[in-house]
Amino acid sequence: MDPERLREEIPALDTCRYCNWGASGPSPRAVVSAANEFEKRHQFDAPCGDGMYTVARDALESARVSVAAFIGATPEQVALTRSTVEGINHVVNAIDWNEGDVVLRTDLEHPAGVLPWERARETEGIEIRELPTERGRLDREMLRDAVSDARLVCLSSLSWSHGTKLPVEEVVDLAHDAGARVLVDAVQSPGQVPVDVDDWGADFVAASGHKWLLGLWGSGFLYVDEDALDAVTPGRIGYFSVEEPGADYEFRSDARQFELGTTAVAPYVALEAAIEQIEAVGIKRIDERISRLTDRLKEGLGDRLVSPRDSESGLVTFAADDPDAVVKRLGDHGIQIRSIPDPHACRVSVHAPNTAEDIDALLDVL
């Protein structure tokens, strides 16, 4: 499938120039249809057929296999969650914290990677150490010093504020050398750049499918490395998370220990369909197209550009005197972007379904 065909399969793009994929991506017809067809089967056929639990379980396991293959993991390393922040919360609540334990995070993190730690500071007495960055860039020497006594490092794979690609593998190496675990907020990566959790080497990776993957809301996933399982005990429990439900329970020996019980299954069916759509286009092809389009956009933005000049992702931030007013003005012209709080600026998210005409129309309005 070429990107133009993918664009034709997304009905929302018939009525606007959508450049806000980093917030949430409208889905192709096949993705929504997969969810609808599953619900029909689950509600109409399964009750008097294979059974509602059997059909749901099979669908969830199929989605787990699909997600695992897409991120370079095994199915046993993947827990299905509803969102990135749920996955992060699972990790926060599964660690037996000691008062004064240090969690190191960058100043680039989304609230999903900030709020759970702030809560743990209140309830567990942990210390949060924030690593300052410059225009979305990490200072390696500062990182080396800051991580020396940390218990865990939390960072994004792509910064939501600048679109910069953070050196995950290097951070993981430094953290592990210092005896710290690493949790990666990867929500901005799957669907626009290649993701291989094995190459990253992180202990935990949280993401979701409703952005660049073009899935539905409610479809997230948490990768847990086998070696990290000994360091966590889930803070919540349900009959999905144990080997056999009962008073003498044992948590599952893999990432499924973070799953609780019955959940909405259709979003995961849609996620599997969305991954199929992305793979039909090809992640390398998507990455290359995003790079060409962002180059065009950055050239047109000139001195207003806040993100790096070289292409690192589809997230492009630019300065404006009144970012919210600019967002509204573009919206009045049928072009959807968003403002961000820090830096207070405008952010454009360019994906493979976008075109050069979308970029030129945006620049014309500006």
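The values are calculated or read from the model by the stated rules, or taken from the named source; none is laboratory data. Since the model is a prediction, treat every value here as computed from it, not as a measurement. Counting neighbours? That spans all protein chains shown, and the Cβs are built from the backbone with ideal geometry, glycine included. These area figures cover heavy atoms from the full protein model, side chains too; ligands, DNA and RNA do not enter into them. Shrake-Rupley method; radii C 1.70, N 1.55, O 1.52, S 1.80 Å.
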Q. How far is it, in nm, from the label point at ASP254 to the one at ASP139 when both lie 7 Å from their Cα along the line to the Cβ?
A. 4.4 nm
Q. Given the protein chains as shown and a 1.4 Å probe, how many square angstrom of SER33 are accessible, to the nearest 10?
A. 60 Å²
Q: Under a cut-off of 20 Å between alpha-carbon atoms, report the lysines in cross-link reach of LYS298, not counting same-chain residues fewer than 8 places apart.
A: LYS165
(Q) Testing the spin-label approximation: label points 7 Å from Cα along Cα→Cβ at ASP332 and THR233. State their distance in nm. (A) 6.0 nm
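Rounded, prolate or oblate: which one fits the range 82-153, using the alpha carbon gyration tensor with axes a ≥ b ≥ c (rounded when a/c is under 1.5, else prolate when a/b beats b/c, else oblate)?
On the way: a/c = 2.24, a/b = 1.29, b/c = 1.73.
Oblate shape, in that a/c is at least 1.5 and b/c is the bigger or equal ratio.
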Q. Dipole size in debye (nearest 20) for the range 17-128 around its Cα centre, Lys and Arg Cβ +1, Asp and Glu Cβ -1?
A. 700 debye
Q. Sorted by packing (mean other beta-carbon atoms within 10 Å per residue), highest first, where do 78-89, 129-140, 144-155 land?
A. 78-89, 144-155, 129-140
Q) When the accessible area of the range 82-155 is computed with all protein chains present and a 1.4 Å probe, what percentage of it is carbon and sulfur? A) 43 percent
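Using mean Cβ contacts within 10 Å as the protection proxy, how do 320-329, 191-200 order, highest first?
Details: 320-329: 14.3, 191-200: 19.3.
In decreasing order of mean packing, 320-329, 191-200 become 191-200, 320-329.
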Q: Which order do the peptides 56-64, 273-281 take when ranked by the mean count of other beta-carbon atoms within 10 Å per residue, highest first?
A: 273-281, 56-64
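How charged is the neighbourhood of ALA320? Take every other residue with its Cβ under 14 Å from the Cβ of ALA320, and add Lys/Arg as +1 and Asp/Glu as -1.
Details: positive: ARG304, LYS328, ARG329, ARG338, ARG347; negative: ASP303, ASP321, ASP322, ASP324.
After counting each charged neighbour, the total is +1.
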Q: With a 1.4 Å probe and every protein chain left in place, work out the accessible area per residue of the chain in Å², rounded to a whole number.
A: 43 Å²
Q. From the phi of every residue in the range 128-134, what ³J(HN,Hα) in whole Hz does the Karplus formula 6.51 cos²θ - 1.76 cosθ + 1.60 yield, where θ is phi - 60° and glycine or proline is x?
A. 9, 10, 9, 8, x, 10, 10
Q | Cβ-derived FRET efficiency at R0 30 Å, ALA23 paired with ASN98, nearest 0.05 | A | 0.20
**Q.** Distance from the range 251-324 to the range 209-245 (C-alpha centre basis), Å
**A.** 21 Å
Q. Quick one: putting +1 on the C-beta of Lys and Arg, -1 on the C-beta of Asp and Glu, what dipole do you get for the chain around its Cα centre, in Debye to the nearest 20?
A. 1240 debye
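Between ASP287 and ASP364, how high is the FRET efficiency from 1/(1 + (r/R0)^6) when r is the Cβ-Cβ distance and R₀ = 35 Å? Nearest 0.05. Let's see the in-between values first.
Numbers: r = 26 Å, r/R0 = 0.76.
FRET efficiency, ASP287 to ASP364: 0.85.
Over the chain, what is the relative contact order in whole percent, taking alpha-carbon pairs under 8 Å and six or more residues apart?
Details: 732 pairs, mean separation 83.9, N = 366.
After rounding, I find 23 percent.
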(Q) Considering only protein heavy atoms and a probe of 1.4 Å, how much of the accessible area of the range 158-314 is carbon and sulfur, as a whole percent? (A) 44 percent
